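See structure below.
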Amino acid sequence: MSGPLAGIRIIDMTSVLMGPYATLLLGDLGAQVIKVEAPGGDTVRNIGPARHPGMAGVFLQANRGKRSVVLDLKSAQGREALLRLAASADVLIYNVRPQAMARLGLDHSSVAAVNPRILYVGVYGYGQQGPYAAKPAYDDLIQGAVALPTLALQAGAEVPRYVPCAMADRIVGMSAVNAVTAALFHRQRTGQGQAIEVPMFETMAQFVLGDHLGGLSFDPPTGPAGYARLLNEHRRPYATLDGYLCVMLYNDQHWRRFLALAGKPGLMEQDPRFANIGRRTEHIHALYALVEQILATQTTAHWRAVLEQADIPVMPLHTVESLLQDPHLQAVGFFEHIEHPSEGQVLSMAVPSRWSVSQPQPGRAAPRLGEHSQEVLAEVGYDDAQIQAMAALGITCLDSSQPIPATTSA
């Protein structure tokens, strides 16, 4: 593995998207990620299109660079194997509720007993000091709890709507990466391991309120909540004569150049609504409506050409399909077709950041269920006979192509 986290070993006890996205990013940065799956596998393995069972597209995109080991953690032998893995790891990250980890005998104190330097990172719904501590959490629920659907309603949606991405999962996953890398730096300086919680609700509340707390930032309030520009119903891709275009008019120069192109060169000086960014924010609804009217008079190609020439921020409105053909992404090598050992050709995305010395590179292809069970268990001292015995009891499986026996829990 290459990258700045090369040599860091992570035990990934997460599933679905939030945790796996965090460990994907850590793996892309060079960490060795061991994905511990229950005998049935991560549920996202079977969500959406797939060539083979258990290898759906969403799973492939969230789990490259990882090795898969199957362990029944409800069994004594499975728990013992997990603790052996943790003993030589730098990070253990999980996204079930802490109460579930405690029931498995894998709470922080139990894991720290075998490895005091480990970073024990929980990525779950709510901070454990509040009344929501034991509640389940999913992306949709957290989006609603931090007001994103009602903000969409204020911005002109006909009904409250969730953002059509797993936005909370991915933002909180990135926050977990921040926590892990900072904690690794702290441990390097102090030698201390620690337990860290990265709660979805609090993380997303900070994310949303950073934009929309507005006048409620002050006590007493100086005005209402909400960032007017973001809540403007005209803040959307603008219709042209033959399509849509994304245009951003922000500073004085942008507005002055745009109004000149629209045949209204003196309007900045004549209309006090354009006087400065503060006045424009007060009147943003009317100003964006004016932009909407102007852009509807010409074609997308016309506006894109003249706006780019005037150095006014503009971008095409892509579909997912057209984004794959974007010339910039093609030029920087963002997409790559790789040959997956079992799934054939798969579209992969590059690490977006660029490093002058320790450039991260995507690691191995996303694993089949249990593909690396034998390899990983052997690394922590199990011999072939012990591994085969565990497989016979359903405590592990050695490859997803083989049947999984009924689980026996001790």
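The values are calculated or read from the model by the stated rules, or taken from the named source; none is laboratory data. Computed from a prediction, not measured in an experiment: that's the story for all the values here. When we count neighbours, we look across all protein chains shown, and the Cβ atoms used for this are built from the backbone with ideal geometry, even at glycine.
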Residues of the range 310-346 being in a helix (DSSP H, G or I) and surrounded by 10 or more Cβ atoms within 10 Å (Cβ to Cβ), in sequence order, are Ser322, Leu323, Leu329, Gln330
Across the range 7-21, which residue is farthest from the chain's Cα centre (by Cα) among those that are over 20 Å from Leu71 (Cα atoms) and buried (at least 22 other Cβ atoms within 10 Å of the Cβ)?
-> Ile8
Only one of (1) surrounded by fewer than 16 Cβ atoms within 10 Å (Cβ to Cβ); (2) not in a helix (DSSP H, G or I) fails for Tyr162. Which number is that?
-> (1)
Identify all residues within the range 219-255 that are of a type outside the set (D, E, K, R), in a loop (DSSP other than H, G, I, E, B) and more than 29 Å from Val146 (Cβ to Cβ); write none if there are none.
-> Thr240, Leu241, Gly243, Asn251
Name every residue in the range 357-398 that is hydrophobic (A, V, I, L, M, F, W, C), assigned to a loop (DSSP other than H, G, I, E, B) and farther than 21 Å from Gly7 by Cβ, in order of residue number.
-> Ala365, Ala366, Leu369, Leu393, Ile395, Cys397, Leu398
Give the residues of the range 133-159 that are more than 30 Å from His234 (Cα to Cα) and exposed (fewer than 14 other Cβ atoms within 10 Å of the Cβ), sorted by residue number.
-> Ala134, Pro136
Working only within the range 176-218, note down all residues that are of a type outside the set (S, T, N, Q), more than 18 Å from Leu26 (Cβ to Cβ), assigned by TED's automatic domain parsing to the domain that holds Gly130 and part of a loop (DSSP other than H, G, I, E, B).
-> Gly191
Tell me, which residue of the range 377-410 that is farther than 14 Å from Gly78 by Cβ and at pLDDT 95 or above is surrounded by the most Cβ atoms within 10 Å (Cβ to Cβ)?
-> Glu379
Only one residue in Gln330, Gln374 is of a type in the set (S, T, N, Q) and not assigned by TED's automatic domain parsing to the domain that holds Glu37, so which one is that?
-> Gln330
